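Each remark here refers to the structure printed beneath this line.
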Amino acid sequence: MNKSDKVRKFIFDNVKKHPRDIANVLAVKFNFSRQRAHYYLSKEVLEGSLIKTGRTRWTQYFLANGKYIEFVENIQPGLAEDKVWSKYVKPIILSCPENIFRICAYGFTEIFNNAMEHSGGTTIFSDVEIKNNKIIITIIDNGVGIFNKIQKALNLDSVKEAILHLSKGKFTTDPSNHTGEGIFFTSRMFDKFSILSSDMFYTFQDEDWFLSPEKNEKFGQGTLIKMEISLKSKKIPREIFNQYTDQEIGFGKTIVAVSLSADPNDPHVSRSQAKRLMMGLEKFKTIVLDFKGVSSVGQAFVDEVFRVFQNEHPDILIHYINANEDVDAMIKRGLARF
């Protein structure tokens, strides 16, 4: 083995442990200058064996066929999510099954673009890891926070209501440029989709959702989004789209978490709560109301949803799931009156 081959092997064997200081480690090992070390590293980058991230003292190197990469991008003119995907993420994901590759491509570019165009921040931190037979993609911005931005845009009383409207799909603070569908479909494609912002942690997993208080230690008020999917997943993007779309009307079905329309200690009894729940849902043709976590509902709430809203939008189909015995009885009682 000649010296160049030895240097190359040493880089591949050690870059994972020394992503930031591999140039120094290489120079010491082979007793040559850091400039010479950078020459060898740059050669591997050009050949596609290594991925270089950052600049100057923030430079890091990662194996292109490795299982981990992290990088930081400043939000500025010219930054494009597809170029970031191709440069940093695609090489890590390339050997994965095609359906996983397509899901990761859709999810990363959608969420990265949201951070670029909606966060109001200056920096986006991302990492991708293949671990325990699954891919984990994390995207963090230092902006105003996604829940906080929605809350202010709609003049809502609580962060929970912001999460409610975000989870419906078709909501965007920039309707002239965005459809608001990206987060909805991304959350369905991945096995687990989580948002941490405004000290609230929202997770969508297996058609179920979870909400808990938690601090964002990385960027404070910004937004952290984590997407996880098994390498054995059989999900196909086209099939996910088909579950919620119609050939004539496009994205036409949504599932809504009813409990997010009121505080945990407040019963769902008022027409105002019902109106907040149904706001924006006139854009859909099929609405599935998920009553998980709702202990009771009142007559006025039921009437506003199942009679008033339905009469205003007779072409919309309204279904409900996960209703306990009391809620189910109240809904059926209300429906019987109509």
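The values are calculated or read from the model by the stated rules, or taken from the named source; none is laboratory data. Bear in mind the structure is a predicted one, so any value in this text is a computation, not a measurement. Virtual Cβ from ideal backbone geometry, glycine too; neighbours counted across all protein chains shown.
Summary of computed values
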| quantity | calculated |
| --- | --- |
| Hey, Ala37 more than 25 Å from Asp127 (Cα to Cα) and part of a helix (DSSP H, G or I) or not | yes |
| Residue tally, condition more than 18 Å from Glu129 (Cα to Cα) and either in a loop (DSSP other than H, G, I, E, B) or not aromatic (Phe, Trp, Tyr) (or both), over region 15-34 | 13 |
| Single residue of region 208-224 satisfying the filter (in a loop (DSSP other than H, G, I, E, B) and not basic (Lys, Arg)) that is modelled with the highest pLDDT | Gly222 |
| Single residue of region 9-22 satisfying the filter (surrounded by 12 or more Cβ atoms within 10 Å (Cβ to Cβ) and either touching a Ser or Thr at 6+ places or on another chain (Cβ under 8 Å) or without any contact (Cβ under 8 Å) to a residue 24 or more places away in the chain (or both)) that is farthest from Phe71 (Cα to Cα) | Phe10 |
| Residue within region 318-329 that is in contact with a Gly (Cβ under 8 Å, 6 or more places away or on another chain), buried (at least 19 other Cβ atoms within 10 Å of the Cβ) and touching a residue at least 24 places away in the same chain (Cβ under 8 Å) present | no |
| Residue check, Ile124 in contact with a Ser or Thr (Cβ under 8 Å, 6 or more places away or on another chain) and hydrophobic (A, V, I, L, M, F, W, C) | no |
